[in-house]
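In what follows, a single structure is set out as structure tokens and then discussed.
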Amino acid sequence: TELRTTHKSEFEASRKKLNVRERAFLQHTPMGDLVIVTLEGDDPAGAFAQFAAAKDAFTDWFVAGVKNVHGIDLTQPPAGPLPELVIDSMP
């Protein structure tokens, strides 16, 4: 919720600098809740790498929060290939 309040302007500035749009969805399922995050732009993989290498107060805060809540270290490349887009309703 801090990304919608106290850190909103920093979050928006960070993603604007990286030239991406990030959206997160909370999905309730019978197996438990999960978060679906999309990163859209001309070069999402490059933006992700730039973000992982950033050394500023907002990025440090965001990376620590993601690791604490989800157990994912955003400073490390993900194991395996990046997700593959398989369908898109927009031309």
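The values are calculated or read from the model by the stated rules, or taken from the named source; none is laboratory data. As the structure is a prediction and not an experimental result, all values here were calculated from the model. Glycine gets a Cβ as well: all are built from the backbone with ideal geometry, and neighbour counts include every protein chain shown. Note: accessible area is taken over every heavy atom of the protein model, side chains too, but ligands, DNA and RNA are not part of it. Shrake-Rupley method; radii C 1.70, N 1.55, O 1.52, S 1.80 Å.
Of the listed requirements (1) under 18 Å from A13 (Cβ atoms); (2) open to solvent by 70 Å² or more (accessible area, probe 1.4 Å), D56 misses just one: (2).
All of T6, T38 fail the test of being polar (S, T, N, Q) and touching a strand residue (DSSP E or B) at 6+ places or on another chain (Cβ under 8 Å), apart from T38. Starting from residues that are among the small types (G, A, S) and out of contact with any Asp or Glu (no Cβ under 9 Å at 6 or more places or on another chain), keep the ones in region 64-73 and report whichever is surrounded by the most Cβ atoms within 10 Å (Cβ to Cβ). Taking the candidates together, the pick is A64.
Residue-by-condition table, conditions (1) charged (D, E, K, R); (2) on the phi > 0 side of the Ramachandran plot:
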residue: A45; (1), (2): no, no
residue: D56; (1), (2): yes, no
residue: W61; (1), (2): no, no
residue: G80; (1), (2): no, yes
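Selection of region 9-18 for residues being more than 14 Å from A57 (Cα to Cα) and exposed (fewer than 14 other Cβ atoms within 10 Å of the Cβ) yields E12, K16, K17.
Within region 38-91, if we keep just the residues that are more than 21 Å from E2 (Cα to Cα) and of a type in the set (D, E, K, R), the residue that is modelled with the lowest pLDDT turns out to be E84.
From R21, R4, which residue is of a type in the set (D, E, K, R) and within 12 Å of the chain's Cα centre (by Cα)? Let's see the steps before the verdict.
Values: R4 fails: within 12 Å of the chain's Cα centre (by Cα).
Answer to the check: R21.
For region 24-53, the set of residues classified as under 20 Å from P77 (Cα atoms), open to solvent by 80 Å² or more (accessible area, probe 1.4 Å) and not in a helix (DSSP H, G or I) consists of V37, D42, D43, listed by residue number. Scanning region 74-91 for residues that are over 20 Å from V63 (Cβ atoms) and open to solvent by less than 100 Å² (accessible area, probe 1.4 Å) returns G80, D88.
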